[in-house]
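A short write-up of the structure that comes next.
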Amino acid sequence: MPTSPQSNLSAIKEPVVIHKGLDNVYVKESKICYIDGEASKLFYRGFRIEELAEHSTFEETSYLLIYGWLPTRSQLDQFTRKLESYRAIELRILDLIRTLPTKSDPMDVLRTAVSTLGLYDPQPMTDDLNAKTDKGLMILAKVPTIIAAFQRFRTGNEPIPPKGNLTHAAEFLYMLTGSEPDPYDAHAMDVALILHAEHEMNASTFACTVTASTLADMYSVITSGVGTLRGPLHGGANEAALKTVLEVGDASNAENYVVDALAHKRRIMGFGHRVYRTWDPRYLILKKLAGELALRKGQRKLFDTAVAIETSARKHLEGTPIFPNVDSYSGIVFHMLDIETDLFTPIFAMSRISGWTAHAIEYLEANRLIRPKALYIGKIDVPYAPVDSRSGRSQE
Ligand SMILES: CC(C)(COP(=O)(O)OP(=O)(O)OC[C@H]1O[C@@H](n2cnc3c(N)ncnc32)[C@H](O)[C@@H]1OP(=O)(O)O)[C@@H](O)C(=O)NCCC(=O)NCCS
């Protein structure tokens, strides 16, 4: 709950409420995403996530999020062609990625590369919302190319340019390996991208909105999102959930692991959510995908271990609102697609650029600079002491 400390400053007349973490603070009206955390429901522009995961594609879902309606065939074709035309990255950006330390975290590389894209745009600053949207699409199209290029460089390989005529998801997998992915793998990646594309006013979306509200360029907007998603409290739990499953190693160890973790107040990764008080609807979809991939790839042991951890955790957490979230199986899906663990968060970013762009543009349609306040509780009128007569922190 918010706290309301008193300030003795005369300028502050009213009792002040501090919304630490901005819990339950609404910063705008939105038509983009609705989460019913009590009923396990998630809607993009009013469409149920289950329906989009089953029938839509990442391209179509991105169009829906950004423009607000499901595209006609010709709108979708045009949109897809536009992404295709933007997908390749400049040689100079490739050269930059090539020179970055191979030990860099891919999220740091992504943050640097998205920011650098802005340097090669002859007109990054514009107030025109259509032009801003287009720049969001350009970044959306290029990010898989950036991630794949870094992965190639750090493993001693040359980058693979986009092939063309592949979906966003399939292009990404293709640029990682140079082979066209198995159709089911491409489908699994596509669904994962749909599920990560948007999630209302989370920390990174808020960061993008704050940056957009200053009328900064879209490269700065998306760079803010990538930087915010970098933190382990936001992106990153999928990696931790997979590591747990790999460490537990076998379904027979799951019960001991869970009992020990809970006894020592350690969190079970992939469980719990600030908004969902029941299961996250994305978890069910990803669990099904992970189960299917496990069968296809002969990785039943990994999947069975994850299921055993889930079963055991739910048994011991019964009566609490701690249920599996999106991250409980997403890492397993990416792992079974042969993707390195530290690329999971960049893939999350690659997908979320649709949501970030949609929210930034929606906010700009009725912009107000975001400028909250901090309640000052320090001293005032402190006499300035010459440097040689200061006694250091003790004077505070
Ligand atoms: C996501 C998360 C930060 C949301 O937490 P929250 O709703 O703000 O809840 P709190 O952090 O205030 O925790 C409330 C209680 O539930 C417990 N809890 C929350 N998540 C838990 C988990 N995954 N495993 C075990 N206990 C958990 C906390 O220990 C706390 O217990 P306490 O009251 O006895 O101290 C939290 O559930 C978490 O850390 N989960 C693991 C990481 C993860 O999967 N993140 C991805 C989110 S999509």
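Listed values for region 287-292 are Karplus-derived 3J(HN,Hα) couplings in whole Hz (6.51 cos²θ - 1.76 cosθ + 1.60, θ = phi - 60°), namely 5, 4, 4, 4, x, 5, and x replaces Gly and Pro. In a DSSP loop and with at most 15 other Cβ atoms within 10 Å, the trypsin sites (Lys or Arg not before Pro) in region 330-390 are Arg368, Lys373, Lys379, Arg390. For region 276-396, what relative contact order do you get, as a whole percent, if you take Cα pairs closer than 8 Å and at least 6 residues apart? Reported relative contact order: 28 percent. Taking every Cα-Cα distance in region 280-344 and sorting them into 5 Å bins from zero, the calculated P(r) comes out as 4, 19, 26, 25, 16, 7, 3, 0 percent. Computed over protein heavy atoms with a 1.4 Å probe, the carbon and sulfur contribution to the accessible area of the chain reaches 53%.
When the expected Rg is taken as 2.2 N^0.38 Å, what fraction or multiple of it is the alpha-carbon Rg of region 4-127?
Rounded to two decimals, the normalised Rg is 1.60.
On the beta carbon distance between Arg92 and Asn130, with R0 = 25 Å, the FRET formula returns roughly 0.40.
On the basis of the beta-carbon distance and an R0 of 45 Å, Asn367 and Lys243 show a calculated FRET efficiency of 0.60. Separation of region 258-287 from region 140-158 is 32 Å, based on Cα centroids.
Within region 290-379, list the GluC sites (Glu not before Pro) lying in a DSSP loop whose Cβ has at most 10 other Cβ atoms in a 10 Å radius.
Sparse-neighbourhood loop GluC sites (Glu not before Pro): Glu318, Glu365.
For Lys288 and Gln78, the difference between the fully extended length at 0.36 nm per residue and the C-alpha to C-alpha distance is 72.4 nm. The distance between label points at Ser115 and Thr320 comes to 3.8 nm (points 7 Å beyond Cα on the Cα→Cβ vector). Backbone geometry of region 140-156 corresponds, through the Karplus equation with coefficients 6.51, -1.76 and 1.60 at θ = phi - 60°, to 3J(HN,Hα) couplings of 3, 5, 8, 4, x, 5, 5, 4, 5, 4, 5, 4, 5, 4, 6, 9, x Hz, x marking Gly and Pro. The loop-placed trypsin sites (Lys or Arg not before Pro) in region 97-130, going by DSSP, that have at most 10 neighbouring Cβ atoms within 10 Å of their Cβ come out as Lys103. By a 1.4 Å probe calculation restricted to protein chains, Cys208 has an accessible surface near 0 Å², given to the nearest 10. With contacts taken as Cα pairs under 8 Å at a separation of at least 6 residues, the chain carries a relative contact order of 22 percent. Across the chain, where is the longest run that never hits chymotrypsin sites (Phe, Trp or Tyr not before Pro) in a DSSP loop with at most 13 other C-beta atoms within 10 Å? Answer from the scan: 70-375. Using C-alpha pairs under 8 Å with a sequence gap of at least 6, the mean separation divided by the residue count of region 160-248 gives a relative contact order of 17 percent. Spin-label pair Ser252-Tyr67: with each label point 7 Å from Cα along the Cα-Cβ axis, the two points sit 5.6 nm from one another.
A simple spin-label model places the labels of Thr278 and Ser85 4.6 nm from each other, with each point 7 Å out along Cα-to-Cβ. Compared with the direct C-alpha span, the chain from Thr341 to Asp260 gains 26.7 nm at full extension, assuming 0.36 nm per residue.
With every protein chain left in place, what is the accessible area per residue of region 35-84 in square angstrom, probe 1.4 Å?
Here the residues of region 35-84 average 50 Å² of exposed surface.
Mean residue ellipticity, 222 nm, helices only, the chain: the sum of -39500 (n - 2.57) across DSSP H runs of n ≥ 4, divided by residue count and rounded to 500, is -17000 deg cm²/dmol.
The values are calculated or read from the model by the stated rules, or taken from the named source; none is laboratory data. Model, not experiment: these values are computed from the prediction. Virtual Cβ from ideal backbone geometry, glycine too; neighbours counted across all protein chains shown. Note: accessible area is taken over every heavy atom of the protein model, side chains too, but ligands, DNA and RNA are not part of it. Shrake-Rupley method; radii C 1.70, N 1.55, O 1.52, S 1.80 Å.
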